[in-house]
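For reference, the structure is listed below as structure tokens.
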Amino acid sequence: MQASDVLRHATTPLTAPVYPLRPTRFTDREYFNVVYRTDPDALRAVVPEPLRVDAPLVRFEVMKMGDVDGYGPYVESGQAIQVTHDGEVGEYLHAMYLDNSAATLAGRELSAYPKVLGTPGLRVDQGALVGTLDRGAERVATATMAYQWEPMDPVEAAAQITVPTWMVKLVPDVTTLGLRAADLVRTEITDIVVKGAWTGPARLQLFEHALAPMADLPVLEVVSASHVLTDLTLAPVRSVHDYLADPRRSDDAS
């Protein structure tokens with residue numbers, strides 16, 4: 001393989017495809033969301049500037065992907081923190097765990113999703129919608145909601161899912177052991193069809209785990225819950241803040 005041929009590839013192994021280089025369409029993407037109130041100080045310790053925490057709210061989510069272009073079905077779980085940036089209200093994606101290696105790599109490499117491998121699950125058990133997250137053999141989170149308890153306005157459901165989201169994109173510099181890029185990026189889902197939406201009483205338990213520290217944002221009060229079935233397409237990200245160019249950064253971060 002010639003040197004020029006290397007640049008025709010987007011990822012390694014060079015001789016095997018890992019993920020498609022095009023927008024990804026999700027069909028029958030099922031959300032189970034539990035919004036809860038947590039410790040404001042705990043949020044401020046993990047939310048990076050220039051994002052601001054105005055309300056101590058976290059959304060625990062489990063997403064069951066019915067069919068995904070290039071990846072097939074998989075399940076994902078994570079935490080999204082309510083934040084503001086330049087007056088715009090949205091969510092900071094704090095952590096995401098999923099059971100598909102290609103989707104994990106694509107989310108990290110092509111975008112900035114903070115994805116790592118885990119074992120989430122979403123099922124119905126005796127009239128309850130049950131969302132779980134395991135790391136290896138250990139339970140990290142269990143959420144329950146009364147199944148399809150009360151219909152939800154599809155417009156409201158779409159509004160919950162299409163809020164702006166921010167993530168941190170870090171690209172290591174392999175020659176200096178520093179960073180080649182460090183950006184706060186923004187994205188937003190705009191191409192969405194809500195096929196069903198419900199709300200109901202819910203509960204959420206988080207369990208201590210060193211490699212999946214969801215419990216560091218403790219559940220003080222469950223505020224709301226929703227179960228939403230959608231089709232959607234993820235939009236590309238754009239940089240809104242360059243940390244390497246930020247004059248406030250210390251010499252230790254350079």
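The values are calculated or read from the model by the stated rules, or taken from the named source; none is laboratory data. What you are looking at is a predicted structure, and each value in this text was computed from that prediction instead of being measured. Here the Cβ positions follow ideal geometry from the backbone for every residue, glycine too, while neighbour counts run over all protein chains shown. We work out accessible area using only protein heavy atoms, side chains counted, and drop any ligands, DNA or RNA first. Shrake-Rupley method; radii C 1.70, N 1.55, O 1.52, S 1.80 Å.
For the reader, a short list of remarks on this structure follows.
- Measuring max minus min along each principal axis, the C-alpha atoms of the stretch 82-225 give extents of 55, 38, 30 Å (largest first).
- Mean separation of Cα contacts under 8 Å (6+ apart) over length of the chain, as relative contact order %: 21
- Distance in nm between pseudo-label sites at R238 and D5 (7 Å out along the Cβ direction from Cα): 3.8
- Rounded to the nearest 0.05, the FRET efficiency derived from the C-beta distance between A146 and D39 at R0 = 30 Å is 0.65.
- From phi via Karplus (6.51, -1.76, 1.60), per-residue ³J(HN,Hα) for the stretch 61-73 in Hz, x at Gly/Pro: 9, 10, 10, 9, 8, x, 7, 10, 3, x, 10, x, x
- The value obtained for the stretch 134-192, namely the Cα convex hull volume divided by the number of residues, is 161 Å³ per residue.
- Carbon/sulfur fraction of accessible area - the chain, other protein chains in place, 1.4 Å, %: 53
- Residues with amide H under 5 Å from that of L244, placed H, sequence gap 5 or more: A182
- Virtual spin-label span in nm between A181 and A137, 7 Å along Cα→Cβ: 4.1
- Relative contact order computed over the stretch 118-254 (Cα-Cα under 8 Å; 6+ residues apart), in percent: 24
- Residues in the stretch 74-104 reached by a label modelled at V46 [backbone nitrogen below 12 Å; 7 Å Cα→Cβ]: 78-82, 92-97
- What the stretch 126-220 shows is 54 Å² of accessible area per residue, with the surface traced by a 1.4 Å probe over protein heavy atoms.
- Full extension of the chain between L14 and D231 gives 74.9 nm of extra length, using 0.36 nm per residue less the Cα-Cα distance.
- Share of alpha-carbon pairs per 5 Å distance bin for the stretch 82-152, given as whole %: 3, 14, 15, 16, 17, 18, 12, 4, 0
- Structure-derived Cα Rg over 2.2 N^0.38 Å - corresponding label in [x] 0.93; [y] 1.04; [z] 1.24: [y]
- Rounded, prolate or oblate (a/c below 1.5 giving rounded, otherwise prolate when a/b exceeds b/c) for the stretch 18-160 by Cα gyration tensor: rounded
- At full extension, L211 and S111 could sit 33.8 nm farther apart than now, given 0.36 nm per residue minus the alpha carbon distance.
- Packing here is the average count of other Cβ atoms within 10 Å per residue, and on that basis the peptides 42-54, 159-171, 9-21, highest first, run 159-171, 42-54, 9-21.
- Within the chain, percent of DSSP bridges classed antiparallel, to nearest 5: 95
- Label point distance in nm, V124-S224, each placed 7 Å from Cα along Cα→Cβ: 2.4
- Derived from the Cα gyration tensor, the three semi-axes of the equivalent ellipsoid of the stretch 186-231 are 27, 17, 9 Å, largest first.
- Among the listed pairs K64/K195; K64/K115; K64/K169, those beyond 23 Å (Cα-Cα): K64/K169
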